[in-house]
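The block underneath contains the structure these notes are about, expressed in structure tokens.
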Amino acid sequence: MTEQLSGLTLIKGHIIEAKTFGDPVITENGYLAVEDGVVKGVFADLPAEFVGAKVEDYSGKLILQGFSDMHLHAPQYPMLGMGMDLPLMDWLKTYTFKTEARFSDNDFARMAYSRLAADLVNNGTTRVCIYSSIHTDATLILMEELEKAGIGGYVGKVNMDRASGECQELTEESKRETLRWLDESTRFTHVKPILTPRFTPSCTNELMDWLGKVANERGVYVQSHLSENKREIELVKELHPDCEQYWQTYDKYGLWTDHTIMAHCVHSDAREQQAMIDHNVLCVHCPDSNINICSGFAPVRQMKERGVWVALGSDIAGGAQLPMLQVLTGCLRMSKARAIATEGKEPFLTVGEAYYLATSAGSRYFGDADGFAPGNPLHAVVLDETRLPPSARELTVKERFERAVYLADDRSIAAVYGGGKKIK
Ligand SMILES: [Zn+2]
């Protein structure tokens, strides 16, 4: 059950904030002050004005920011861990479209999506940008289940009217259902619709053009995939011979705009990266998926240095790990593989940097400032390290944080706050 925090609440513990892309800021034995679910500030010593307020006491425990999973496919939850020996295009045909087609059944969707929402909360993911399937009703069920669980963010009914196997829509049907879904989505408070052309190969030019107009007219954001795999990039070139680069197939139809989300960008070159910077496009790095489907090693350090906005995603079920702590450590391992391959020319990411990508980088998408900044809705995760191995000496809080990032799972997540509510 979710429980709204009302009045002034002080959350006490070791507070660990990703205020910048670098080392976290740690306030030991501090107070995170929250009023009606909104952060007032982080204090090492309790200000006089807060004395006597209600305290949620996690003394000695680690308080992290809630995680934002900026790219995942809800209807692929039932196929987690399957077909991992196949390349992208074969994996889509053999497993993905067949699984997604099951979501024409609303009862199946309800069962799967309530389980997914609970799994997200248990693992500390409090906000998502998530794909549904082509099915309007199942998409609304997903939105209901997320909202009920206390998870916020953006949900997309997928559009695909070309080369999409069991999931292919007729163009007119895709348009009609998208409008029905947008109209019905107005009833939600914490989850909003986001337009979701699956990726260029699965949408006709007519549909892309129509989606671009709807995005512009209704002020709706857009999410899709970009430069994940070399075979996919070749296919996009054949489909759009007039476009020099993949991103231009979105730009041509008005889908490459402020807050557009592009998953992967593994093979984006300097020019494609610059186009992301110029239009405030968010690149979502999905390390586990990129390894599983053998897509490649995304140049995250390089993108960050150039100024690309990068956050993390689980990309289930290309990624086989839903917990963002696993995605975070997967990101670290991939960056080390790049450091090895470049003989250290591209330094690997640190734990603090990856923590930033898993939290603040994504929460900026929802309008938050970095860290537990005043004015942010409260999104927090409390870690209890009791289950972790005994240490041979007393650890610093920073050491404890770094160790917990690698070792903690849902059993170590003692409490979760999302959107100003206690949700676990
Ligand atoms: Zn994806």
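Quick note: the coordinates plus some simple rules give every number you see, no bench work behind them. Being a predicted model, the structure only gives us computed values, none of them experimental. FYI the Cβ positions are ideal-geometry reconstructions off the backbone, even for glycines, and counts take in every protein chain you see.
Annotations
- Cα-based Kirkwood hydrodynamic radius, region 1-126, one decimal, Å: 18.1 Å
- Mean residue ellipticity at 222 nm, helices only, the chain: -10000 deg cm²/dmol; runs of at least 4 DSSP H residues each add -39,500 (n - 2.57), and the sum is divided by the number of residues.
- For region 284-424, the Cβ-based charge dipole about the Cα centre amounts to some 60 debye (Lys, Arg positive; Asp, Glu negative; other atoms uncharged).
- Considering only alpha-carbon pairs that sit under 8 angstrom and 6 or more positions apart, the relative contact order computed for region 67-358 is 18 percent.
- Neighbourhood net charge (12 Å Cβ-Cβ; Lys/Arg +1, Asp/Glu -1) for Leu395: 0
- Spatial separation of Cα centroids for region 187-221 and region 241-265, in angstrom: 13 Å
- The chain: antiparallel DSSP beta bridges as a percent of all, rounded to 5: 45 percent
- Diagonalising the gyration tensor over the Cα atoms of the chain and scaling each eigenvalue by 5 before taking the square root yields semi-axes of 35, 24, 19 Å, largest first.
- Arg187-Arg393 FRET efficiency (beta carbon distance; Förster radius 60 Å; 0.05 resolution): 0.65
- Using only side-chain charges placed at the Cβ, +1 for Lys and Arg and -1 for Asp and Glu, the dipole size of the chain relative to its Cα centre rounds to 580 debye.
- Restraint check, Lys345/Lys398; Lys19/Lys213; Lys93/Lys422; Lys336/Lys398; Lys192/Lys398, Cα-Cα greater than 29 Å: Lys19/Lys213; Lys93/Lys422; Lys192/Lys398
- Net charge of Cβ neighbours under 9 Å - reference Gly30; Lys, Arg +1; Asp, Glu -1: -1
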